[in-house]
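A.B. asks: Sharing a structure here in structure tokens format.
The values are calculated or read from the model by the stated rules, or taken from the named source; none is laboratory data. Owing to the predicted nature of the structure, the values given are computational and were not obtained by experimental measurement. Reconstructed Cβ throughout: ideal geometry from the backbone, glycine too, with neighbour counts over all protein chains shown.
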Amino acid sequence: MVFKKLLGALGVGGPSVDTVLESGPALPGGPLTGEVRLRGGGADVSVDRISLLLVARVEREDRAEEDEGTVVLERFTVGGGFPLAEGAEHTVPFSVALPWETPVTELRGQPLGPVLGIRTELEIAGARDKGDLDGLRVGPLPAQEAILEALGRLGYVFRSADLELGHIRGTGQQLPCYQEIEILPPAGHAHAVNEIEVTFIAAPGGLEVVIEADKRAGLLSEGHDTVHRFTASHHAAPQTDWDAQVDAWLKEVIASHGGHGSPSPYGDHHGGHRGEPHRSGPGAGAVAAGAAAGVAVGVGGGMIAAEVVDEIGDAFEDEAGDEDAEGGDEG
């Protein structure tokens with residue numbers, strides 16, 4: 001999808017910019033390639049810098065009520081320092097590496113819910129214009145896909161996936177937000193847990209898999225959340241029996257009681273969860289997957305979403321007022 005925007009900050013008749021991303025989904029930690037196409041306006045200018053911003057729509061729970069905002073996950077400088085003559089065309093190819101923790105937006109071509117975009121900024125003579133957004137598709141790493149598929153084969157039902165602003169204590173998380181994938185347990189475990197939330201913290205060496213179970217109250221106990229952390233290797237993913245591995249993880253999480261479970265690690269920064277039982281629902285780009293009716297939608301037994309509620313344009317319509325939530329560094 002290509003977006004065009006006249007750079008109003010540079011005055012009427014200023015340059016225009018199109019950013020074209022390579023088709024197909026990118027992968028966390030993998031390359032994002034494409035080109036920025038410039039067309040000169042009514043006067044000669046010097047392009048100081050071309051930046052690409054990886055932006056995401058996130059939920060924020062540090063206020064009286066949960067709301068949504070836009071964060072910048074990463075900023076890349078892909079060009080600059082060249083003249084652009086009146087009416088001239090100039091193309092800047094780019095290839096940048098996405099953060100390893102980039103949220104996954106789809107599984108086997110089916111949307112999961114989180115909404116990501118690439119925003120182009122052009123700086124000329126001290127003026128900056130952030131241009132329009134290009135929707136970004138991100139598929140799972142092999143280990144992430146294998147774990148999600150195993151959950152589906154084990155009978156778990158996809159509910160939603162969203163992005164939460166904050167940090168998970170005790171992990172190697174680098175981005176200002178984390179992705180939660182909410183699933184409902186099969187009938188055999190429904191008596192013990194209300195839902196399970198899975199978060200992947202990816203890094204070059206492998207995955208941290210954080211699993212939080214919202215446990216039901218019993219006759220002699222109150223309901224509570226238990227949190228466990230596991231690891232998975234990228235290298236060993238093809239040889240791993242994921243059904244057995246994930247089943248063992250979930251049995252450990254569900255069987256834990258009181259002190260056996262770790263306290264909630266969510267909300268180290270930016271609000272988020274401050275040790276209280278976590279209750280989150282679908283946010284911007286959340287998925288209607290028939291969870292209320294217990295309907296699982298799957299590819300090869302895996303969990304995928306049926307439809308995306310919010311489109312990229314709607315999800316970022318309030319972006320202009322959310323610049324205070326930016327993260328990432330200048331490249």
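Residues checked against (1) surrounded by fewer than 18 Cβ atoms within 10 Å (Cβ to Cβ); (2) at pLDDT below 90; (3) over 25 Å from the mean Cα position of the chain (by Cα); (4) outside the structural domain of Thr70 (by TED's automatic domain parsing):
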site	(1), (2), (3), (4)
Leu148	no, no, no, yes
Arg153	yes, no, no, yes
Asp162	no, no, no, yes
Ile168	no, no, no, yes
Gly172	yes, no, no, yes
Glu180	no, no, no, yes
Glu195	no, yes, no, yes
Arg216	yes, yes, yes, yes
Ala244	yes, no, yes, yes
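A.B. asks: Given the criterion crowded, with 19+ Cβ neighbours inside 10 Å, modelled with pLDDT of 95 or more and not assigned by TED's automatic domain parsing to the domain that holds Glu182, identify the matching residue among Pro103, Pro99, Pro93. Break it down stepwise before answering.
C.D. replies: Numbers: Pro99 fails: crowded, with 19+ Cβ neighbours inside 10 Å; Pro93 fails: crowded, with 19+ Cβ neighbours inside 10 Å.
Among Pro103, Pro99, Pro93, only Pro103 is crowded, with 19+ Cβ neighbours inside 10 Å, modelled with pLDDT of 95 or more and not assigned by TED's automatic domain parsing to the domain that holds Glu182.
A.B. asks: So which strands (runs of 3 or more DSSP E) are wholly in the stretch 95-208 and hold at least 2 residues that are within 26 Å of Glu22 (Cβ to Cβ) and β-branched (Val, Ile, Thr)?
C.D. replies: Counting at least 2 such residues, we get 116-124.
A.B. asks: Among the residues of the stretch 59-75, are any assigned to a loop (DSSP other than H, G, I, E, B), in contact with a strand residue (DSSP E or B) (Cβ under 6 Å, 6 or more places away or on another chain), buried (at least 20 other Cβ atoms within 10 Å of the Cβ) and among the hydroxyl-bearing types (Ser, Thr, Tyr)?
C.D. replies: no
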